Ligand SMILES: [Zn+2]
């Protein structure tokens, strides 16, 4: 399980490489995505709080990158943060996500990116619930819910 020290280490030194990469031109991304998805994932935008599709979602499943379809988060790590954005305590696996130091807007934050296609996801903060203490604050426009396989009864 990742904690804040792991996030800082990964942001400073890089993490494991993904199994494959998805790279497209700006025009290709623009053609594939809705304007909102394009703005958030390719232009590092932020959707308005409490407007996103998955802000209040509780269905089980995996959340995949809206750009490349790579599973990034598990609904079991989703929690109610009250911030107006979907919030997770962990990525689904370490190599799914890339952390990057972000000093835009006069703040020092850690950006969360899809490790496969570099889609901007959101930011990670050290004020999440235990045991990880992480809050991955993610834009709904950057993800899509993929239903998990039905569990055997
Ligand atoms: Zn991606």
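Odds and ends about this structure:
- Scanning region 16-59 for residues that are within 17 Å of residue 91 (Cβ to Cβ) and touching a helix residue (DSSP H, G or I) at 6+ places or on another chain (Cβ under 6 Å) yields 16, 18, 41, 54.
- Scanning region 18-32 turns up one or more residues that are assigned to a helix (DSSP H, G or I), under 18 Å from the mean Cα position of the chain (by Cα) and without any contact (Cβ under 8 Å) to a residue 40 or more places away in the chain.
- Scanning region 96-111 for residues that are touching a helix residue (DSSP H, G or I) at 6+ places or on another chain (Cβ under 7 Å), within 16 Å of the ligand (Cβ to nearest atom) and closer than 26 Å to residue 26 by Cβ turns up at least one hit.
- For the condition crowded, with 22+ Cβ neighbours inside 10 Å and over 12 Å from the mean Cα position of the chain (by Cα), residue 72 does not qualify.
- When residues of region 72-94 are limited to those that are in a strand (DSSP E or B) and touching a helix residue (DSSP H, G or I) at 6+ places or on another chain (Cβ under 7 Å), the one farthest from the ligand (Cβ to nearest atom): 88
- Within region 33-44, the set of residues being surrounded by 13 or more Cβ atoms within 10 Å (Cβ to Cβ) and at negative phi comprises 33, 36, 37, 38, 39, 40, 41, 42.
- Residue check, residue 47 free of Cβ contacts under 8 Å to residues at least 12 places away in the same chain and either surrounded by 19 or more Cβ atoms within 10 Å (Cβ to Cβ) or over 20 Å from residue 102 (Cα atoms) (or both): no
- Single residue of region 33-52 satisfying the filter (outside any loop (DSSP other than H, G, I, E, B) and closer than 15 Å to residue 144 by Cα) that is nearest to the ligand (Cβ to nearest atom): 41
- Restricting attention to region 117-137 and to residues that are within 16 Å of the ligand (Cβ to nearest atom) and assigned to a loop (DSSP other than H, G, I, E, B), the residue that is surrounded by the fewest Cβ atoms within 10 Å (Cβ to Cβ) turns out to be 118.
No lab work stands behind these numbers, since they all come straight from the coordinates. What you see is a predicted model; the values in this text were computed from it and never measured. Every residue, glycine among them, receives a Cβ derived from its backbone with ideal geometry; neighbour counts consider all protein chains shown.
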